[in-house]
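To start, the structure itself, in structure tokens.
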Amino acid sequence: MKLGVCYYPEHWPEEHWREDAAMMRALGVSMVRIGEFAWSRIEPAPGRFDWGWLDRAVAVLAEAGLGIVLSTPTATPPKWLVDLRPDILPFDQHGHPRRFGSRRHYCFSSRAYRAESRRVTEAVARRYGEHPAVILWQTDNEYGHHGSDESFSPDAVSAFRDWLAARYRSVAALNDAWGTVFWSQEYASFAEVDPPQATVTEANPSHRLDWRRFCSDQMCAFNRDQVDILRKFSPGRPVTHNFIGDFIRLDHRKMGRDLDYASWDSYPIGLLSEGIASEGEKIRRLRYGDPDFAAFNHDVFRACAPKWGVMEQQPGPVNWANCNAAPAAGVVRLWTWEAFAHGAGFVSYFRWRQVPFAQEQMHAALLATDRTPQPVCDEIRRVAEEVAAFPDFEKVRSRIGLLMDYPSLWQLEIQPHGNKDGPLGPARICYRACRMLGQSVDMVFPDDDFDGYDLILVPAVTILTDALVGKLARSGAVILATALSGAREETGRTSAPLPPGPLAALLGTRVLSFESLPKDVPVVVKTPDLSLAGHVWRERIETSAEPWGWFEDGSPAQVKSGNFRYLAYWPDETSWQIILQQLLDERGVPHWHTGPDLRLVHSGELVFAFNYGPDTEDLGARAIGPSDQKWLLGGPCLPPAGVAAWKAERPRKQADTPGPGSPG
């Protein structure tokens, strides 16, 4: 559990470097990321490298005992390169090049830029690949950010056509897969196919789905170029990339196969401000963040590579959100410990010193512009002391898996069919319900091993293959799928003969029709014991399976067959908890009702508790925590932004358990 910081020696007078390094060490920081935006200083003119300043910066940091995370500088090609090769620039959907003057101003498909990025990556790797202080490499920075995941440049158009030809082999197969007979969209050759851009109305959804696949594959191939070079010239050093939270335009799992660490940039308050939560919820969470946002992304990236970490942790107000509130006292410590509880190998704060110029001068840091330490430094110092005394532990498999599939997310984005919560909305509400029952969750992907789970959730995973459903059936877990699951084939066409696709035979169920409703129009479901509520999506199904819930008109809403369960609607948050509680009871999995603010994370024999609310949480009253004084962190009374940890005991019965969704 290492602490790190992002540092930009090229921004500051050289006489400050040594003192900065000493202050970092005194704070408890042991690793420093540098170099991701420094190409213009590394190579100020074509072929003329200036290594002196970077050699000295690396030496100063190394002498202070700091491990260096060295980045390839390809996220910001310098002006001389743009002028020399303007064909490296990305093009917008209207065919206009996006200009120099910001960052991420390159096209992943540009053959010229691919060559230039390999050249500068090799130069940096040759120079520092064997340096003993370099402990980790970072490729580029935040692939796909600012809409850079797609470019409509001539090189991108040509590469897309080649990609399609390799995928479909014949244009007849493409026409069939996309259903181009609709609206006379048929093609006579791959050379006729353009990206789905600037169309009068909605472009063909299968066309758009393959465009998403292509753009993701281009980012993966670009990253692989750099990883191959780093492994050649810096053997034994791990490689990471810093992904973006809640960003679905890139298949992180696919890219993660080439990485040793999946890292991500965690800005819980900034992204809350820009998210879809209600204004009331945003105000309530203003200084704490959503209690399930960072954890959700921790678990996504934990599943994408052998190891993972947080490369940029928000330490204060950001500069880019709709509103830029400061975290409450103690929240940065909570965020840090939460990442470690989910298995992070490191948490690195962005950034060391607030910069007094350019685009990010309003972005807070650990030090003010005049180098005065900010109060958050006290929280970081405390974490460093706590980590030093904390026992080693390993994040182990949870009892619940939540199925993720990037093509399904892309398909939901392309045709949301009334879903206003975004493509991640179905997964997020399942995840939140699990967490409000005190559960930890593993994100699982179609190529994972599913054995050993008690429950696997399939929340509107629209593209299910026969092979995937076969693995689910053999897992021994209870499988809970919802409306829209299995509704599409890999091409994006509606499943034949009818949804839920490969689930149909196992469930003896066919979806005859499907509707989406305004979010405030309730969908009422009756079970033998109680009433449940849903919204947005509802299906009319024909089934030979056993119903365990009915719509108000008496038609089946919930069915089960063997270990498979299917919901022909979309439950609300409270109903999700009720349904999950029933399934956890069925499998003998202990659970706790944590309320809206308290969250638990199970890491092997350790349990962590986090208070995301403004009021003290009494763990003892909830029968949570040890019955004696064996607390590793905190205690039975958890203050706002408080953290507790203990070794798990046999579960105790929870006294006066409040119902799901209640504030108690």
### Query
Of the residues that sit in the range 618-647 and are part of a strand (DSSP E or B) and free of Cβ contacts under 8 Å to residues at least 24 places away in the same chain, which one is farthest from ARG382 (Cα to Cα)?
ASP618
### Message
Let me confirm something: among PHE610, PHE564, PHE551, which residue is aromatic (Phe, Trp, Tyr) and in the same structural domain as PRO639 (by TED's automatic domain parsing)?
### Response
PHE610
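Let's see how each residue does on (1) without any contact (Cβ under 8 Å) to a residue 40 or more places away in the chain; (2) within 19 Å of ALA112 (Cβ to Cβ); (3) not assigned by TED's automatic domain parsing to the domain that holds GLN93:
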| residue | (1), (2), (3) |
| --- | --- |
| ALA125 | no, no, no |
| GLU142 | no, no, no |
| ALA166 | yes, no, yes |
| ALA198 | no, no, yes |
| ALA203 | yes, no, yes |
| CYS215 | no, yes, yes |
### Message
Residues that are in contact with a Gly (Cβ under 9 Å, 6 or more places away or on another chain) and in a helix (DSSP H, G or I): does the range 244-253 have at least one?
### Response
no
### Message
Which of the numbered conditions does GLU142 fail, given that it passes all the others? Conditions: (1) part of a helix (DSSP H, G or I); (2) in contact with a strand residue (DSSP E or B) (Cβ under 6 Å, 6 or more places away or on another chain).
### Response
(1)
### Message
Against the condition in the same structural domain as ARG381 (by TED's automatic domain parsing) and part of a strand (DSSP E or B), how does GLY309 come out, does it pass?
### Response
yes
### Summary
Note on the range 1-19: residues surrounded by 21 or more Cβ atoms within 10 Å (Cβ to Cβ) and part of a helix (DSSP H, G or I) are PRO9
### Task
Keeping to the range 458-470, report how many residues are under 22 Å from LEU584 (Cβ atoms) and free of Cβ contacts under 8 Å to residues at least 60 places away in the same chain.
3
#### Entry: Total residues in the range 413-446, condition touching a Gly at 6+ places or on another chain (Cβ under 8 Å) and part of a helix (DSSP H, G or I)
3
#### Entry: In the range 400-425, the residues that are at pLDDT 95 or above and in contact with a strand residue (DSSP E or B) (Cβ under 7 Å, 6 or more places away or on another chain)
ILE400, GLY401, LEU402, LEU403, MET404, ASP405, PRO407, SER408, GLN411
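Residues are listed down the side, and each one gets a yes or a no for (1) assigned to a loop (DSSP other than H, G, I, E, B); (2) aromatic (Phe, Trp, Tyr); (3) closer than 22 Å to PRO500 by Cβ:
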{"residue": "TRP576", "(1), (2), (3)": "no, yes, yes"}
{"residue": "GLN581", "(1), (2), (3)": "no, no, no"}
{"residue": "LEU584", "(1), (2), (3)": "no, no, no"}
{"residue": "PHE608", "(1), (2), (3)": "no, yes, no"}
### Query
Do the conditions hold for SER398, that is, is it part of a loop (DSSP other than H, G, I, E, B), surrounded by 21 or more Cβ atoms within 10 Å (Cβ to Cβ) and touching a residue at least 24 places away in the same chain (Cβ under 8 Å)?
yes
### Query
Going by the conditions given, is ASP615 part of a loop (DSSP other than H, G, I, E, B) and either in contact with a Phe, Trp or Tyr (Cβ under 9 Å, 6 or more places away or on another chain) or without any contact (Cβ under 8 Å) to a residue 24 or more places away in the chain (or both)?
no
### Message
Can you pull out every residue in the range 260-285 that is crowded, with 19+ Cβ neighbours inside 10 Å and over 18 Å from PHE247 (Cα atoms)?
### Response
LYS282, ARG285
#### Entry: Among the residues listed as SER561, SER603, SER531, the single one being closer than 27 Å to SER495 by Cβ and either surrounded by fewer than 16 Cβ atoms within 10 Å (Cβ to Cβ) or among the hydroxyl-bearing types (Ser, Thr, Tyr) (or both)
SER561
### Query
From ARG474, ARG510, which residue is of a type in the set (Lys, Arg), farther than 21 Å from ILE579 by Cβ and touching an Asp or Glu at 6+ places or on another chain (Cβ under 6 Å)?
ARG510
### Query
Within the bounds of the range 353-365, is there any residue that is basic (Lys, Arg) and at negative phi?
yes
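The values are calculated or read from the model by the stated rules, or taken from the named source; none is laboratory data. Predicted, not measured: the structure shown is a model, and the values here were computed from it. All Cβ positions, glycine included, derive from the backbone under ideal geometry; neighbour counts span all protein chains shown.
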